[in-house]
Structure formats: structure tokens, C-alpha cells
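A short write-up of the structure that comes next.
Values quoted throughout were computed directly from the atomic coordinates according to the rules given, and no laboratory measurement underlies them. No experiment lies behind these values; they were computed from the predicted model shown. FYI the Cβ positions are ideal-geometry reconstructions off the backbone, even for glycines, and counts take in every protein chain you see.
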Amino acid sequence: GFVTNDELKAQLLSEYRLLTTHPAAAAAQLGLDDNGQTVNQTCGATIRQAATQVSLQIYIERYHLVVENAETFGFDGYLRAWWTDPRLRFDPACSDNLMLARNEALQIWRPDLYFEQATVLELPHSTMGVQDGKAEMLRVSSSGEVFWSRQARFTFSCKMTLEKLPFDTQRHAPRPWP
């Protein structure tokens, strides 16, 4: 019979297990998928581990001023990530994509992200025009592909050479670490 998106989401979330385990490892433990294996060599032993591939994007909406004496720069924008979670697969005949509400999105795994040389990574607050902390979107496709987007404010430290000010050039590439 016909299943509404709300019914489909309720079913997916009620069956979602191993919340703190990344998708590839959880899928291997639950027997959902045998792909995505990586080899980890530790102390001479070879261990096969499931790996969750996460693609990351930062969309920059507005740059902050460079603070020369603190050697920092920053910007406001959106932090976006894509990954596949086999636990969230569903019949494409039911729906193409599901948009999860905030309370639903909090029930699924998301990657922990670390940015090298980040001094500040703020998620929505009143100074960014969002007072309820809901500047987040999470979409799941029938194949289990997840798209997550979150408003964010970044500040990074960067060693600056300012001898040619105002004609100098600074290069800094923030590196994320999942």
C-alpha cells in the first residue's frame, strides 16, 4: 500500500541501530554490505576495516576581516558533507528523497570533523541571523546517500608575512580531518 514520507521516516529511524558507529562499520556488523573495506596495518598485523567515505565542502558566503596581529582570518558560510549509510536505504518506489526534521536528523550518525588550525568553528547563533539553532538540512536518498548542510562561522590561524603590506599575498588552505 501507499506509505507517506512521515511513515517511511518513522520506520527507518525505528530500525536504525549502532548510532555511534560509522555507516560502513555498522553495515559490516549488521550484514548489510560487504564493500568499502580498507586495510589497516598496525604493529605488523593486517586488519581489514570498513571505511566510510565522507566528501566535504565549505560554501563561503561572507569573509571576515583579516586580523594581522592575531594572524587570523575567517568566513561565514555552510559546511556540507555527503556519505552513504546503508542503514538508511529504502524502496525508491516509496520516495526519491526524504528531508529529515531536526529531531529526526539527530537520530542518525554524522561524521566528527576537525579542522587543522581552526581557532573557532561556530554553528548557528543569533549574530548569524539564526536564533533557534535550526540552520541545518539533512536529506536521505533511497540508496542511503546522505547530504548534510549546516550554517557555520569559521576562524583560522595562519602564519602571515606582512613585510610588503598592503601588497603581500597570504596562502592558507584549511585542512579537515574526519
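Here are a few things to note about the model shown:
- Residue-span extension gain [residue 147 to residue 60] - 0.36 nm each, minus C-alpha spacing: 29.6 nm
- Here each label is just a point 7 Å from Cα along the line to Cβ, and for residue 16 and residue 171 those points are 4.2 nm apart.
- FRET efficiency, residue 70 to residue 137 (Cβ-Cβ, R0 25 Å, nearest 0.05): 0.15
- In a fully extended conformation the segment linking residue 94 and residue 121 would gain 6.0 nm over its present Cα-Cα distance, using 0.36 nm per residue.
- Summary of packing: across the peptides 162-169, 101-108, the per-residue average of other C-beta atoms within 10 Å ranks them, highest first, as 101-108, 162-169.
- Highest-first packing order for the peptide set 87-93, 114-120 is 87-93, 114-120, based on the mean count of other beta carbon atoms within 10 Å.
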